[in-house]
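Here the structure is laid out as structure tokens; the discussion comes afterwards.
The values are calculated or read from the model by the stated rules, or taken from the named source; none is laboratory data. Just so we're clear, the structure is a prediction, and the values are computed from it rather than from any experiment. Positions of Cβ are generated from backbone atoms using ideal geometry, with glycine treated the same way; all protein chains shown enter the neighbour counts.
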Amino acid sequence: MKKSEFSDPFEKARVDKGYGKMNDQDDPVTMVLRLKDVRKCAHSWKTFQSGAEPGRIVVPSEVNIRDTRQIPFEVDPPMHKAYRDLIEDWFKRPLGKEYQQKLKKITDAIIEEVLTMDSVEIVEEFSLRLQSRALTLLLNTPYEESETWISWGTHVFRSKDTALDGDKANILYNYIDQEIDKAIKNPGTDLYSVLLACEVDGKKLTKEEVKGVMILTFAGGRDTVINAVTNSIAYFADHPESLKLLKEKPEIIGKAVEELIRYFAPLTHMGRVATEDTHVCEHAVKQDTRISLCWASANRDASIFEKPNEVVLDRKLNPHVSFGFSHHKCLGATHARQIMNVLLTSLAEKITSIDLIDCKENIENLDEFKRKVGYDSLTVKFNKR
Ligand code: EMZ
């Protein structure tokens, strides 16, 4: 098996019954596995809510390390729309020319740097740096801030030994509190200042609400982007012919980005809490218990995707749900897509092949399912064009 392969652990359960079960800190989860059901449940916000206790819709649950509600992700309609409307335009800025040029500069600089090295560990030395430096564009903060974020490592709530690390989370919360206070004293053109000036129903957002948006912006797009970037580099190491294809046909890069994101599904699933006794796939789901919308499984649903377990870089129809579905569709998707787009463009321009030297896979343990979601480490050498 190639090192860049991501097999589908959900297939049997998805085909046989449509759902799976896992325990998570004594708050069990019924995992919804088929694309149509995932979409239907994502849409049914009255039955499957996001606005439960903060942290509970995340799997693993973050209720023990977080009190602040992430906004708009942990809010249901109609409030959800009110928040989302405030920030939608800001999160579309990555579509602008100038933003894309800056992102290209950041990406090219990292690639030039690693091209001089005999070997590079991609997770820490490439993906984390790229993610953090790119985030300065999304937040519109000084480039130097990224050094602080890089020092936090790949996940803000997890560390090497602890799946949920409260001390680590506090570093992020304190940092955001400080940045909010700075922006109150000295308003600028960054996301903190923009949020502080926003109003919902004629009232300014509170510090806690601003913090809720900022935590989501830092946490939601971190390990997900890092996995997407790292996994893509592993893929190109195994498939030099794909790099050649992108060099010859740059017009397919947009499709290639979607396909890699479908195949990798950097976020395995996201939870919801049932507001009433209900069922999924004829399986009873009790009020106040959790389901999860399993994007990773839905993306391999053979009733929707032809050759679901193959990477088809120019796949025509690709209704994947890696960015979620319905009103909670990922707010950071425009930024994430742009990072991937620029990455593929720059790799195709500058690299002929990538030698895979060593890797350690990151396997998520979901009880009956074990899923590879990325790499703890991936060491490669880039070969210059
Ligand atoms: C939450 C989540 C959002 C959560 C779209 O995903 O990402 C996770 O990595 C975080 O731990 O808090 O932000």
In the range 255-290, the residues that are of a type in the set (A, V, I, L, M), closer than 24 Å to Asp76 by Cα and away from the ligand (no atom under 16 Å from the Cβ): Ala274, Val280, Ala284, Val285
Failed condition for Lys203, given (1) over 30 Å from Arg290 (Cα atoms); (2) touching a residue at least 24 places away in the same chain (Cβ under 8 Å); (3) over 20 Å from the mean Cα position of the chain (by Cα), with all others met? (2)
Go through (1) more than 17 Å from Ser232 (Cα to Cα); (2) touching a helix residue (DSSP H, G or I) at 6+ places or on another chain (Cβ under 8 Å); (3) not small (Gly, Ala, Ser) one by one and return the number of the condition Asp118 breaks. (2)
Within the range 279-301, residues surrounded by fewer than 17 Cβ atoms within 10 Å (Cβ to Cβ) and either free of Cβ contacts under 8 Å to residues at least 12 places away in the same chain or out of contact with any helix residue (DSSP H, G or I) (no Cβ under 9 Å at 6 or more places or on another chain) (or both) come out as His279, Glu282, His283, Ala284, Lys286, Gln287, Asp288, Thr289
His279 passes all but one of (1) over 24 Å from the mean Cα position of the chain (by Cα); (2) over 15 Å from Ala42 (Cα atoms); which number fails? (2)
Only one of (1) modelled with pLDDT of 95 or more; (2) within 26 Å of Lys92 (Cα to Cα); (3) within 23 Å of the chain's Cα centre (by Cα) fails for Glu179. Which number is that? (3)
Considering only the range 150-158, I want to know if a residue exists there that is surrounded by 13 or more Cβ atoms within 10 Å (Cβ to Cβ), at pLDDT 95 or above and part of a helix (DSSP H, G or I). yes
Residue under evaluation Glu306, criteria (1) modelled with pLDDT of 95 or more; (2) in contact with a Ser or Thr (Cβ under 9 Å, 6 or more places away or on another chain); (3) not aliphatic (A, V, I, L, M), criterion not met: (2)
Conditions: (1) within 13 Å of Val273 (Cα to Cα); (2) of a type in the set (Ser, Thr, Tyr); (3) touching a Ser or Thr at 6+ places or on another chain (Cβ under 7 Å). Ser44 meets all but one. Number of the miss? (3)
Show me the helices (runs of 4 or more DSSP H) found entirely inside the range 180-245 where at least 3 residues are more than 16 Å from the ligand (Cβ to nearest atom) and buried (at least 16 other Cβ atoms within 10 Å of the Cβ). 191-196, 223-238
Give me the residue from the range 304-355 that is part of a loop (DSSP other than H, G, I, E, B) and in contact with a Gly (Cβ under 9 Å, 6 or more places away or on another chain) and, out of that set, nearest to Leu139 (Cα to Cα). Gly332
Flag if Lys249 is away from the ligand (no atom under 16 Å from the Cβ) and over 25 Å from Pro9 (Cβ atoms): yes
Check Ser159, Ser132, Ser193, Ser119 and return the single one that is out of contact with any Phe, Trp or Tyr (no Cβ under 6 Å at 6 or more places or on another chain) and under 16 Å from Ile226 (Cβ atoms). Ser159
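Of the residues Thr141, Thr162, Thr154, which is in contact (Cβ under 8 Å) with a residue 40 or more places away in the chain and within 16 Å of the ligand (Cβ to nearest atom)?
After applying the criteria, what remains is Thr154.
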Report yes if Val123 is touching a strand residue (DSSP E or B) at 6+ places or on another chain (Cβ under 6 Å), crowded, with 17+ Cβ neighbours inside 10 Å, of a type in the set (A, V, I, L, M) and in contact (Cβ under 8 Å) with a residue 12 or more places away in the chain, otherwise no. yes
Within the range 95-136, count every residue that is within 21 Å of the chain's Cα centre (by Cα) and of a type in the set (Gly, Ala, Ser). 3
How about the range 23-33: which of its residues are in contact (Cβ under 8 Å) with a residue 24 or more places away in the chain and either surrounded by fewer than 19 Cβ atoms within 10 Å (Cβ to Cβ) or under 20 Å from the mean Cα position of the chain (by Cα) (or both)? Asn23, Asp24, Gln25, Asp27, Pro28, Met31, Val32, Leu33
Select from the range 334-363 the residues that are surrounded by fewer than 17 Cβ atoms within 10 Å (Cβ to Cβ) and either more than 24 Å from Leu103 (Cα to Cα) or within 16 Å of the ligand (Cβ to nearest atom) (or both) and list them in ascending order. Asp355, Ile357, Asp358, Lys360, Glu361, Ile363
